[in-house]
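Enquirer: Could you have a look at this structure, given as structure tokens, before my questions?
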2 protein chains.
Amino acid sequence: MGLLDYFRSSQAKNSAGVAKERLQILVAHDRAVRGRPSYLPQLQQEILEVIRKYVDVDLDAVSVNYEQEDEREVLELNIVIPDAPHASHAP
Amino acid sequence: MGLLDYFRSSQAKNSAGVAKERLQILVAHDRAVRGRPSYLPQLQQEILEVIRKYVDVDLDAVSVNYEQEDEREVLELNIVIPDAPHASHAP
């Protein structure tokens, strides 16, 4: 599984220092037929809605990348999940 | 964007010969706190339901990979989308 390997290697980089709650979603669409309108932007909205059922996501905390090439479009969502309030707001 | 680069490089391999309609979804969850129950398996179901609004997906055509490590869990969905019927079923 090349993709999982990729994630594995990026894990080392990302969570070495700070432990941060983070959700990363990638959607890659390989199209057989070009020229059809893309549904990924809309799919993105719906996926975000689903995710917000599980975690409390501020839409400001979502960074979105969308790239389109000939036969492939890739949507990337990076979501930083706010910690449950257990520190960080001292009186 | 390392992730997009990765997708780019895997595109070369995958779509060199046959043009196949394909959707690949990755969800990586970096957890700050271990030991909480995972919501990814359930998220997976809901994401699939969303996707089925856009494309006609046979659940048999979905291959799922789930890996869990200490602070990261990764869910991978690979979906082959059946072509709109324009060939392949000759009388």
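Enquirer: Condition first: in a loop (DSSP other than H, G, I, E, B) and open to solvent by 100 Å² or more (accessible area, probe 1.4 Å). Now tell me which residues in segment B:35-64 satisfy that.
Expert: Matches in segment B:35-64: B:Arg36, B:Pro37, B:Asp56.
Enquirer: Just wondering, is there one or more residues in segment B:52-69 that are over 21 Å from A:Gln42 (Cα atoms), more than 9 Å from chain A (Cβ to nearest Cβ) and more than 15 Å from the chain's Cα centre (by Cα)?
Expert: There is at least one residue in segment B:52-69 that is over 21 Å from A:Gln42 (Cα atoms), more than 9 Å from chain A (Cβ to nearest Cβ) and more than 15 Å from the chain's Cα centre (by Cα).
Enquirer: Of everything in segment B:70-91, what is modelled with pLDDT of 85 or more and either open to solvent by 50 Å² or more (accessible area, probe 1.4 Å) or not β-branched (Val, Ile, Thr) (or both)? Give them in sequence order.
Expert: B:Glu71, B:Arg72, B:Glu73, B:Leu75, B:Glu76, B:Leu77, B:Asn78, B:Val80
The values are calculated or read from the model by the stated rules, or taken from the named source; none is laboratory data. Please read these numbers as outputs of a predicted model, since none were measured by experiment. Note: ideal-geometry Cβ built from the backbone for every residue, glycine included; neighbour counts use all protein chains shown. Only protein heavy atoms, including side chains, enter the accessible area calculation; ligands, DNA and RNA are left aside. Shrake-Rupley method; radii C 1.70, N 1.55, O 1.52, S 1.80 Å.
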